[in-house]
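The values are calculated or read from the model by the stated rules, or taken from the named source; none is laboratory data. Keep in mind it's a predicted model, so treat the numbers as computed, not measured. Don't worry about glycine lacking a Cβ; one is built from the backbone with ideal geometry, like all the others, and counts go over all protein chains shown. For the accessible areas, the whole protein counts, side chains as well, though only heavy atoms, and no ligand, DNA or RNA atoms are used. Shrake-Rupley method; radii C 1.70, N 1.55, O 1.52, S 1.80 Å.
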Amino acid sequence: MTFRKIASLVLAVLMLCSVLCACNDTTGPSTTASTAPTTQPTEPTEPKPEMLLYQVTVYGVDGKPATSNVIVKFLQDGADPVMQNTNEEGVAQKELPKGSYNVELMFLDGKSYYYDSSAMTLNETKTQLTINLCLAQSTEGETVYADGDEYTAYPLRTGNTYVTLKPGRNYFLYLPDVAGEYDFFTGNNDYKVGYYGSEHYIMSQDAGKEGPNNGTHVSISAGMVSPNNAFVIGVDNPGTEDVETVLYVQRVSDYIDTSIPKTTYKTTHALTPWTMPAGKQVKKFDITSSLPIRLVLDEATGYYHLNSVTGPLVVVFLGEKSADYNSYLAPYDTILKNAGVTAYFKNEEGNYDRGEIYTNCLQDYIGVYDENNKTYNGGCIDRNTGLYPLTDDLMYIIKNHGAYSGWWDNTDTRYIFGEESVNAENAWLFMCGYLE
C-alpha cells in the first residue's frame, strides 16, 4: 500500500512538471507573434527629372511667323522624338526633362526650304531657338545678255532666297504677282543690289531708288505686272570667290502713285539751339511693358517730360551720335542722307490718297548735311549727343512715319523689333529716351 501511494504521488508530481514545462516551452506557437504587424522592405523610387520649357520659333520665307505646315522635332539620343506643330505665333514649345536636344524641322507642304542648321541644339542654358526659313535658289536659269556678255539669270520670288553669288555681277529675274512698293537687298552691305530694267533690255546703271542694306527700291504699278515682264535684279559680289547669302524681296506697301498730292509739313516749334545738361544720363523707355507711359507737355518750353511738367525731360535720338542709345534703327539724320522722310495716308476705301513730306522739318532740327565739307549747316540739336527734346513736331513725325513704314507692326516684314514683343501704344518711343 505504501508503495502504491508513493507511486501515485510521484506520478502526480511528474504530471505537474510536465504541464509547467509545456507552459515555458519557447519553441511552441505564440499568440502575440500571430497578431503583430509585419514590416515589408521599401523599394527605392527614382527621383522625378527636372523639367524645362524648350521653345523653337520659326519664321517663314516672308519674314512672318510660320503658323502652318511646320512640325518641330526635339531629338535626344536613345529616346523617341517629341514633335510639336507651330502655333499662330510660329512657336513650338514643349516641357521636357532637362538635357540636350537636337532640333529638326518637318514640312507638310512638300516644299524645300533652306535654313541654317549649324546651331540646331537646345540645352539647359539655351532653351530657345529661332529659325528663319529661306527658299532654295533654283538650279534652272535663263540666258540673258548685258553689255555684250552672256549671263545666267535665276528666277526670284517674293521672300527670302538663299543664293550663291559668283564674283562680279549676278542677275536674277523677278516676276511680281501684284503691284506695290518693293525692296531688294541682301543680308550683307558688301553686296550692292540694283534694278537693271527688263530681260529684253538690261541697263548698266541701277534704275531703282536707294533701298535698305545697300539695296534698291522699285515701284511696280498694276500695268507693269505681266508674265512677260520680268524685272532684272543685279547683285554685285566684289570678291574673287563664290559667296553664299540671303537675297530679300519685300513688298513694303501698296503701290504709291507719284501723282498723289503731297504736302510739306512745316515746323511749328520755335527752335532754339539745345545743349545736353552736364551730369545727365539718357535712359531708354521700356517699350515692352504693358503699362502706359505718361508724357506731359511743358507749354512754356514746348518740350515733353515724363509723368509731370517737372519730371525727367524726354529727348529724341536725331543725330548720328545718338545711335549709341538706339539699337533698333538708324537716327533720322542717317535716314535723311539716304532718302526723304514721308508718310502716306489711306482713305476710307483703304487706298493711299495723300502724303506728307517731313524732310524739311527734320532738317530744321538737324541741319542740312554738306556732303563736300562733311558738316551740317543750321539745326539746333546737341552735336555731341545727337539729341533734342521731344516736341509736338517730332512726336507727330515719328508716329506717322513709323506707322506708315510698319516699324512696330509685327505682321509687317519691316517690323524692326525682331523677336521682341513690344507694346504698340508705346513702341514709337524707341526713338526717344529721358534724362536722369
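General remarks:
Residues are listed down the side, and each one gets a yes or a no for (1) open to solvent by 70 Å² or more (accessible area, probe 1.4 Å); (2) at pLDDT 85 or above; (3) out of contact with any Gly (no Cβ under 8 Å at 6 or more places or on another chain):
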position	(1), (2), (3)
19	yes, no, yes
31	yes, no, yes
39	yes, no, yes
78	yes, no, yes
84	no, yes, yes
93	yes, yes, yes
124	yes, yes, no
130	no, yes, yes
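- Residues (over 28 Å from residue 278 (Cβ atoms), touching a strand residue (DSSP E or B) at 6+ places or on another chain (Cβ under 9 Å) and of a type in the set (S, T, N, Q)) located in region 364-410: 400, 405, 410
- Residue list for region 55-103, filter: over 20 Å from residue 420 (Cβ atoms) and among the hydroxyl-bearing types (Ser, Thr, Tyr): 68, 100, 101
- Residue check for residue 73: over 29 Å from residue 409 (Cβ atoms), of a type outside the set (Asp, Glu) and either open to solvent by 30 Å² or more (accessible area, probe 1.4 Å) or in a strand (DSSP E or B) (or both): yes
- Filter result for residue 382 (open to solvent by 30 Å² or more (accessible area, probe 1.4 Å) and charged (D, E, K, R)): no
- Test: residue in region 407-430 that is of a type in the set (Ser, Thr, Tyr), open to solvent by 30 Å² or more (accessible area, probe 1.4 Å) and not in a loop (DSSP other than H, G, I, E, B): no
- Residue that is farthest from residue 64 (Cα to Cα), among those in region 133-146 that are touching a residue at least 24 places away in the same chain (Cβ under 8 Å) and open to solvent by less than 90 Å² (accessible area, probe 1.4 Å): 146
- Selection count where residues are free of Cβ contacts under 8 Å to residues at least 60 places away in the same chain and of a type in the set (D, E, K, R), scope region 388-411: 2
- Hits in region 291-304 - residues which are open to solvent by 70 Å² or more (accessible area, probe 1.4 Å) and among the hydroxyl-bearing types (Ser, Thr, Tyr): none
- When residues in region 346-364 are screened for being within 22 Å of residue 266 (Cβ to Cβ) and either open to solvent by 40 Å² or more (accessible area, probe 1.4 Å) or among the β-branched types (Val, Ile, Thr) (or both), 8 of them pass.
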